[in-house]
1. Here's a check for you: in region 146-174, which residue that is hydroxyl-bearing (Ser, Thr, Tyr) and in a strand (DSSP E or B) is farthest from residue 123 (Cα to Cα)?
2. Suppose we keep only residues that are open to solvent by 10 Å² or more (accessible area, probe 1.4 Å) and β-branched (Val, Ile, Thr) within region 18-66. Which one would you say is modelled with the lowest pLDDT?
3. Could you tell me whether residue 118 is buried (at least 20 other Cβ atoms within 10 Å of the Cβ), touching a residue at least 24 places away in the same chain (Cβ under 8 Å), farther than 26 Å from residue 157 by Cα and not basic (Lys, Arg)?
4. Within region 26-67, how many residues turn out to be within 13 Å of residue 92 (Cβ to Cβ) and part of a strand (DSSP E or B)?
5. I need the full set of residues from region 68-111 which are assigned to a strand (DSSP E or B) and either loosely packed, with under 12 Cβ neighbours inside 10 Å or touching a residue at least 60 places away in the same chain (Cβ under 8 Å) (or both), in order please.
6. Specify which of the listed residues (99, 71) is within 30 Å of residue 126 (Cβ to Cβ), under 14 Å from the mean Cα position of the chain (by Cα) and modelled with pLDDT of 95 or more.
7. Scanning region 131-175 for residues that are under 20 Å from residue 3 (Cα atoms) and among the basic types (Lys, Arg), which turns out modelled with the lowest pLDDT?
8. Which residue pairs have Cβ atoms closer than 8 Å, lie 6 or more positions apart in sequence or on different chains, and pair a first residue in region 152-163 that is loosely packed, with under 15 Cβ neighbours inside 10 Å with a second residue that is in a loop (DSSP other than H, G, I, E, B)?
Amino acid sequence: MDKYTKLLQSFSQFSAQSVPQYWADLGCGSGVFTEALANMLPSQSSIIGIDKTLYTLNEKMGNQINVIFKKADFVSDDLPITTLDGILMANTLHFVKDKGNLITKLEKYFASTPRFIIVEYEQSIANRWVPNPIAFLELKRLFIKLGYNNITKMAELKSAYGGMMYACFCEKTPF
């Protein structure tokens, strides 16, 4: 199991492992975290990878998960997705200035309960690679403000670039 799959490993406790699911990976890049998510989803699930740069992703990943790619800017474009079970945003939220507005905009793409997996750097100081950082406690405050009631840090991992990365699960369940 690679280090990125390990970072998402505890996701299985938040997800029905016998029912196929439909997820989006926003800002998927070359598919490193798409593959990690594909290792965690039940067979016959699907992932749509979305990035503003054109990439070629493997059509099957992980547990024989179907993967397709669409070129789009997840911040400004209307996305070609509906009825999602979840959205993965791995090392992409730090490129977004108005995170709350984006999360609210993305909620329309869910079939029912909005569920996010967020992977970010545990830092508060911007640099050229992480222009709008969001440490876990700040992310938790943001999701609470947006009405999310299940915000759980799943794991941490040393970043190859120094510091730590974290993965968290955020869910807005009805009361």
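1. Step by step, filter region 146-174, then rank; the result is 152.
2. Applying the filter and picking the extreme gives 19.
3. Spelling it out, it is not the case that residue 118 is buried (at least 20 other Cβ atoms within 10 Å of the Cβ), touching a residue at least 24 places away in the same chain (Cβ under 8 Å), farther than 26 Å from residue 157 by Cα and not basic (Lys, Arg).
4. 4
5. The answer is 84, 86, 87, 88, 89, 90.
6. Only one candidate passes the filter, namely 99.
7. Step by step, filter region 131-175, then rank; the result is 158.
8. These pairs meet every condition: 156/122; 161/129; 163/122; 163/123.
The values are calculated or read from the model by the stated rules, or taken from the named source; none is laboratory data. It should be emphasised that the depicted structure is a prediction, and the values quoted were computed from it without experimental measurement. Methodologically, a virtual Cβ is constructed for each residue, glycine included, from the backbone with ideal geometry; neighbour enumeration extends over all protein chains shown. Only protein heavy atoms, including side chains, enter the accessible area calculation; ligands, DNA and RNA are left aside. Shrake-Rupley method; radii C 1.70, N 1.55, O 1.52, S 1.80 Å.
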